[in-house]
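We did not get these values from a lab; they are worked out from the coordinates using the rules stated. Keep in mind it's a predicted model, so treat the numbers as computed, not measured. For neighbour counting, all protein chains shown are included, and Cβ atoms are generated from backbone atoms with ideal geometry for every residue, glycine included.
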Ligand code: SAH
Ligand code: SF4
Ligand code: F3S
């Protein structure tokens, strides 16, 4: 893990001054923005910062893309095909741009960190005037100023070792928030592009994290998810002065915080201290997103994951012993180079053995510049597709099996939304261990905690009823 390079207060103040001057110029023009976010929670969180910065510059959120004065795509490149789709999306904006000269079309996020992609975009699409990477979001005011002056702007910082604190944020969700604890990744799993586009792993200062959580809780948010590519390596080389287990304890006692979640956990770094913290801290949720990727030791070795199947299973066993109602979710890749039918069978048997609540499953997608993309024994697409189908079928069966034990289960649910089907409004939300349940109720309960008992199962979901005192 790298020593973080904190952006100076002078630099942040300078950007803020530019934002204020843009806001003054924009006064009375009622300009709007539309940010479309692809990829993982990191990008979701970045988009909240970008939206916060745009608000400071006098923009408000547009109700739809077509009416916006500024459209920004926040991109992901973890798997292939995203680039083609993005080019299609941007090409389609040409017509809108022609009708509305002066509008700003921009592209940011992980894909823009890849060599040559931003340059290609600017060359191919004259209606794009802003391209920036993941490590320079704090400089958005300066970039917008330059675009307003007629420049076409491309800014990225390849080193990616910086942290900018105290940036504005505009969040849509009034009950739940993501809070970064680390940025970047140093794990270099052999299939993965993230370390190349997100830069070196660096940890935020514990106090900055706690202050952000406290401020969110003061604003009414009760559920916090701590974010990192590998939260368990938080502060690993002492740069942050705390381990992840210590950070959990430090953050969990923020008054009013009902639920503390975290993701993702890397099996190589999830230790006994973290398990004890999950077991003992009352508001730390009993859910671990623990990507396994494969159930075969040789494939895990070639993926550079640095744990074995047995080590993974031992974490699951130990956590279940300490925290009986814990649920696991995971990520799995099928068709990694060299994956034989026997190796795939090991993944299937691991899925069968663990009984994940749910799994995100992917066909291996070669990423330029990664070690695995250069491996000789690439697997044909048809075989990947077939394995993915078999894996999904097995997981669907395991989800239903897992649900059966919830009949009669009682607990608090945080209401996230509702579907109106016929006369009955169906609310949905999650128990603290991440299990989702549907139940009839009043839409006014949105964002509230209500006690719910599971009464029956429907396909792959839990159905319940509110418990009245
Ligand atoms: N940091 C997280 C994962 C971030 S990427 C972790 O290590 O757990 C999210 C998921 O995308 C990964 O867990 C992996 O399952 C999948 N993924 C990453 N690169 C991929 C690739 N080249 N092909 C297919 N799936 C990939
Ligand atoms: Fe990618 Fe591995 Fe880092 Fe996760 S831990 S982001 S899979 S390199
Ligand atoms: Fe996330 Fe995609 Fe970037 S998964 S870190 S948005 S490449």
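On a 0 to 90° scale, report how tilted helix 341-354 is relative to the longest principal axis of the chain, with both axes built from alpha carbons and the result rounded to the nearest 10.
80
Quickly rank 47-55, 388-396 as a protection proxy: mean count of other C-beta atoms within 10 Å, highest first. All intermediate terms of the calculation are to be shown ahead of the outcome.
Values: 47-55: 21.7, 388-396: 16.1.
Result, highest mean first: 47-55, 388-396.
Let me have the 222 nm mean residue ellipticity of the chain computed from DSSP H runs of 4+ only, each contributing -39500 (n - 2.57), with the sum over all residues rounded to the nearest 500. Present the calculation step by step, with values, prior to reporting the outcome.
Numbers: 14 runs with 162 residues, N = 469.
Value at 222 nm, helices only, nearest 500: -10500 deg cm²/dmol.
Could you let me know the centre-to-centre spacing of segment 96-145 and segment 1-63, using Cα atoms, in angstrom?
14
Could you tell me how many cubic angstrom of Cα convex hull volume the chain has per residue?
Values: hull volume 77.8 nm³, N = 469.
Taking only Cα atoms, the chain has a hull volume of 166 Å³ per residue.
Within 10 Å, count the other beta carbons around each residue, average over each peptide in 324-332, 176-184, and list them highest first.
Numbers: 324-332: 18.3, 176-184: 22.1.
The peptides rank, most packed first, as 176-184, 324-332.
Using only Cα atoms, tell me the angle between helix 309-322 and the longest principal axis of the chain; keep it within 0 to 90° and round to the nearest 10.
80
With everything on Cα atoms, drop me the angle between helix 9-26 and the longest principal axis of the chain, reported from 0 to 90° to the nearest 10.
That helix lies at roughly 70 degrees to the long axis.
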